[in-house]
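Peer 1: This is the structure I have questions about; it appears just below.
The values are calculated or read from the model by the stated rules, or taken from the named source; none is laboratory data. Treat the numbers as computed from the prediction; the structure is a model and nothing was measured. Glycine gets a Cβ as well: all are built from the backbone with ideal geometry, and neighbour counts include every protein chain shown.
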Amino acid sequence: MQRTLLVWYLAAGALLGSAFLHQYLWPLFAAGLVCWCFAIAKKQNLKEAFLGGWISGTIKMLLVLWWFWSTYPLELMNIHPAAVAGVLIGLYWLITAAVIGLGFAATTLFAWWCMQKYRAVVRIVCIPLALVAGEVLGSLLFSVYIIGPGSSLNTYFSFGYLGYLLVDHTVLRYAGQLGTVYILTYIAGVVGISLFESIPKLKKKKKNRFVPATLFGFVFLVSGIMPMPAGELSAQKILVAAVHSEFALEYNPSAISLTKQKRELERAIDLALVHNPAYIILPEATSLSYGSSTAEVAAWFAARAPHSILVDSARIDLDNAQAALRAFIYDPSSGAVYTLDKKYLAPQGEFVPYFYKGLFTLFGAGDFFESRTSSVTYRPAAMFGAAGLPIAIPGVMFCSENLPPFSIFAMKQKRELPFVVHPVSDSWFNSPYVLWNENRQMVALQALFNGLPVLQAGNMAPTLGFDEWGHLMMPEHIQQSGHTEVSLYQL
């Protein structure tokens, strides 16, 4: 591959990936797509186009998944020395990026062929379609690569989809109501390809040929950052208290640690109840219900709040040494306790992919791997059906279930929802700011596409509220000492 061609592909991947690193860097995707178009427009053969696309896609995903490194030094897995943890994280990071990058390589092949065969207007229409298809293919390949006892073939892993970047564009974000992230990726592709087509060839010297590109870029940027009036919100007002916590993850917590944690949660709930909220939501698996019967928790809560609803979640041990992450929704007014299980599990943290189990076994480290992952035995959605729940019961979108673009849409097909609770826990990580930015974009788009408020209660993660237009809501914060904080939201 020629050096100039390689530089264009490297620049494209670096710009596309950098756009995900901070919420104000999203315009870089347009520059990345322009560099990519310059690369595929150059003279090259099929093999070079595929390799160049794979390089761009891999570099892009290495930056998108930079937050993998925030798990270092894998304290929960008790790996020593720390350098071994670094090697394991790096291996997972590199292989994952390369696998998903294959989807972008396929897109590049189509775009390279399209550049040779068709005029600009056809390229502007067709290449963005290939971008959407390439992202979906990358997600499918990821599901093949991490297949395990808690997963299936799917296209859920949507990190790196270009459409999420337009969630931060003031105007174009609203197109997400038509087709969630897929339509936004298509629009992002149209923007990038159109900008490329409006730029003159570098050998041309006529300055007036830069006018279309300059005008197009100016309008795109200004419309993306200018303030816009908020959409009309629902007249219904529901007071919801979200509890934020800073509890370290323990797979097998001691009785003392568990009791201390529960007491802090109880104090946070009592503080929230002073304001008479209709709902109180807790972060994922913090957890009030762990190690206690539902009857005990229901009786304790009913004595304090006969007219409020509490949403909690906990790890539940099942038969055959398996576990589930289950939401418990306590409704004292009816005396019922509703339960929902997590459907989409996260690889490594909640199930072990066959690929890595086999890889460690192949190199004689099977026992070491088994000893470090013996507690990672979650199984999905034994109780996912939610068709019969009352209208007052909110939907529950667990941590990582914001990745499938149609998560909330699938819930809405079963029943009417007042809003959606998004309990999360990032206790595996050390302040993963890139992950938080990407999750914010995903959850905001879920709210916008479905027209439903989403309330995120985080453990060692941000606690956020999104209205039905996907805008962040400003809560009233109630400070509390210790490891918890209560925020009040008007939905």
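Peer 1: Do you know which residues across the range 285-321 are under 25 Å from the mean Cα position of the chain (by Cα) and modelled with pLDDT under 90?
Peer 2: Passing the criteria: Ala285, Thr286, Ser287, Ala314, Arg315, Ile316.
Peer 1: For the range 456-484, enumerate the residues that are of a type in the set (A, V, I, L, M, F, W, C) and either under 22 Å from Lys262 (Cα atoms) or in a loop (DSSP other than H, G, I, E, B) (or both).
Peer 2: Ala457, Met460, Ala461, Trp469, Met473, Met474, Ile478
Peer 1: Looking at the range 170-178, can you tell me whether even one residue there is assigned to a helix (DSSP H, G or I) and under 23 Å from Leu345 (Cα atoms)?
Peer 2: no
Peer 1: How many of the residues in the range 17-37 are within 14 Å of Trp54 (Cα to Cα) and either touching a Ser or Thr at 6+ places or on another chain (Cβ under 7 Å) or among the β-branched types (Val, Ile, Thr) (or both)?
Peer 2: Qualifying residue count, the range 17-37: 1.
Let's see how each residue does on (1) acidic (Asp, Glu); (2) modelled with pLDDT of 95 or more; (3) more than 29 Å from the chain's Cα centre (by Cα):
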site	(1), (2), (3)
Val181	no, yes, no
Tyr186	no, yes, no
Ser194	no, no, no
Pro200	no, no, yes
Val211	no, no, yes
Gly217	no, no, no
Phe220	no, no, no
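Peer 1: So, one more: Report every pair of residues separated by at least 6 positions or lying on different chains whose Cβ atoms are under 6 Å apart, first residue within the range 295-320 and assigned by TED's automatic domain parsing to the domain that holds Ile269 and on the phi < 0 side of the Ramachandran plot, second in a strand (DSSP E or B) and of a type in the set (Gly, Ala, Ser).
Peer 2: Ser313/Ala327; Arg315/Ala323; Ile316/Ala324; Asp317/Ala323; Leu318/Ala324
Peer 1: Determine whether Asn437 is of a type in the set (S, T, N, Q) and either part of a helix (DSSP H, G or I) or crowded, with 17+ Cβ neighbours inside 10 Å (or both).
Peer 2: On the way: of a type in the set (S, T, N, Q): yes; either part of a helix (DSSP H, G or I) or crowded, with 17+ Cβ neighbours inside 10 Å (or both): yes.
Criteria met by Asn437.
Peer 1: Select from the range 461-476 the residues that are within 15 Å of the chain's Cα centre (by Cα) and small (Gly, Ala, Ser) and list them in ascending order.
Peer 2: The answer is Ala461, Gly470.
Peer 1: For the structure I just gave you, tell me whether Asp426 is among the acidic types (Asp, Glu), closer than 22 Å to Thr484 by Cβ and buried (at least 20 other Cβ atoms within 10 Å of the Cβ).
Peer 2: In short, yes.
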